[in-house]
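Heads up: the structure comes next, in structure tokens.
The numbers here are math on the coordinates, done by the rules we state, and not lab data. Just so it is clear, the model here is predicted, and its values are computed rather than measured. Note that we place each Cβ from the backbone using ideal geometry, even for glycine, and neighbour counts take in every protein chain shown.
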Amino acid sequence: MKSTPANVPGEWLRDARGDLALANVPKTAAIRYAHLCFHAQQAAEKSLKALFAALGQDVPRTHDLAYLMDNLPEGTVFPLAILTLPTLNKFAVQYRYPGQGLPVSRRDWQKAVALAGETLRWSAESIARLRRG
């Protein structure tokens, strides 16, 4: 298979790290918590997609974190810390447009960033284990 950015796990992880960095930007009057949570969701999504690439599978074209988790190989063990990851789904689309969701609080943002960070760590460690064989 020809190597393209879509099937290179490191590319997905690099982008996930970039989105996580953006999710951690301090809130300002121009930057709402919903904006930051969108990037947290994207970091988690890209982290999971990196696993598909590392496994040599087609990377699903979806923002649905539950779908991504459900479609990793049977027997995939997710850390307890990320079992609520699908709660970030609402930030993928709904909150991208003004007036489409409930207000997002600082606590919501903190939870989203923590979930995304845990997912990125777990995904990167899982990929490293796959490479070691």
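Within region 79-106, the set of residues being of a type in the set (S, T, N, Q) and either without any contact (Cβ under 8 Å) to a residue 60 or more places away in the chain or under 12 Å from ASP64 (Cβ atoms) (or both) comprises THR84, THR87, ASN89, GLN94, GLN100.
Within region 62-73, residues that are free of Cβ contacts under 8 Å to residues at least 60 places away in the same chain reach partners that are part of a helix (DSSP H, G or I) and among the small types (Gly, Ala, Ser) with beta carbons closer than 8 Å, at six or more positions or on different chains, in the pairs LEU65/ALA44. Count of region 78-133 residues, restricted to those that are among the charged types (D, E, K, R) and over 26 Å from ALA54 (Cα atoms), is 6. Of the helices (runs of 4 or more DSSP H) lying entirely inside region 1-120, the ones with 3 or more residues being within 25 Å of GLY133 (Cα to Cα), touching a helix residue (DSSP H, G or I) at 6+ places or on another chain (Cβ under 9 Å) and not small (Gly, Ala, Ser) are found at 9-23, 33-54. Checked against the criterion of being closer than 19 Å to LEU20 by Cβ and either of a type in the set (Ser, Thr, Tyr) or in contact with a His (Cβ under 7 Å, 6 or more places away or on another chain) (or both), the candidates ALA53, ALA81, ALA92 yield just one match: ALA92. It is to be established whether one or more residues within region 107-124 are loosely packed, with under 13 Cβ neighbours inside 10 Å and either free of Cβ contacts under 8 Å to residues at least 24 places away in the same chain or not small (Gly, Ala, Ser) (or both). Yes, some residue in region 107-124 is loosely packed, with under 13 Cβ neighbours inside 10 Å and either free of Cβ contacts under 8 Å to residues at least 24 places away in the same chain or not small (Gly, Ala, Ser) (or both).
Annotation: of all residues in region 56-97 being over 15 Å from ILE127 (Cα atoms) and polar (S, T, N, Q), the one that is surrounded by the fewest Cβ atoms within 10 Å (Cβ to Cβ) is THR84.
Here the condition is being of a type in the set (Lys, Arg) and within 21 Å of ARG14 (Cα to Cα); of ARG96, ARG131, it holds for ARG131 alone. The residue that is farthest from ARG121 (Cα to Cα), counting only those in region 21-55 that are surrounded by fewer than 22 Cβ atoms within 10 Å (Cβ to Cβ) and among the basic types (Lys, Arg), is ARG32.
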